[in-house]
Amino acid sequence: MSSPRVLLAVLMVWTSADLAEAAVVSALSGQASVITTGGLTPIDVGTQLEPGQRVLASNGSTVTIAFSSDCEITVLPGESYRVPKDCRAVLSR
């Protein structure tokens with residue numbers, strides 16, 4: 001019979017591998033949206049973002065996305081950006 005500590009350690013490793021970083025809009029100058037199947041949904045500072053969502057900064061606007069790993073990405077005017085599962089993996093490329 002396996003030890004409860006071993007089982008807990010295995011469970012922690014398994015679940016942490018599938019978890020995505022938390023992402024939130026930390027700064028916004030102008031207007032921005034999340035692109036959805038239904039169109040554009042406006043976002044504001046504090047909006048939680050999910051991996052795979054695409055953020056669109058309107059012309060003349062910038063959006064800063066902050067991740068739980070002390071990593072930030074700024075979306076420039078007129079550009080869109082797909083939220084990654086792991087910010088540091090994207091920046092290290």
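Considering region 36-53 alone, what residues qualify as being open to solvent by less than 70 Å² (accessible area, probe 1.4 Å) and either over 15 Å from R88 (Cα atoms) or touching a strand residue (DSSP E or B) at 6+ places or on another chain (Cβ under 6 Å) (or both)?
If the condition is that a residue be open to solvent by less than 70 Å² (accessible area, probe 1.4 Å) and either over 15 Å from R88 (Cα atoms) or touching a strand residue (DSSP E or B) at 6+ places or on another chain (Cβ under 6 Å) (or both), then T36, G39, T41, I43, G46, T47, L49, G52, Q53 are the ones that fit.
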>> For region 35-83, which positions are assigned to a strand (DSSP E or B) and in contact with a helix residue (DSSP H, G or I) (Cβ under 7 Å, 6 or more places away or on another chain)?
In response: F67, I73
> Just one of the numbered conditions (1) open to solvent by 50 Å² or more (accessible area, probe 1.4 Å); (2) assigned to a strand (DSSP E or B); (3) of a type outside the set (D, E) is not true of A27; which one?
Replying inline: (1)
> Name the pairs whose Cβ atoms lie under 8 Å apart, with the first residue in region 55-78 and under 15 Å from P42 (Cβ atoms), the second of a type in the set (S, T, Y) and open to solvent by less than 40 Å² (accessible area, probe 1.4 Å), and 6 or more positions between them or separate chains?
Replying inline: V55/S33; L56/S33; S58/S33; V75/T64
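The values are calculated or read from the model by the stated rules, or taken from the named source; none is laboratory data. This is a predicted model, so every value here is computed, not measured. Every residue, glycine among them, receives a Cβ derived from its backbone with ideal geometry; neighbour counts consider all protein chains shown. Protein only, heavy atoms only, side chains kept; ligands, DNA and RNA dropped before computing areas. Shrake-Rupley method; radii C 1.70, N 1.55, O 1.52, S 1.80 Å.
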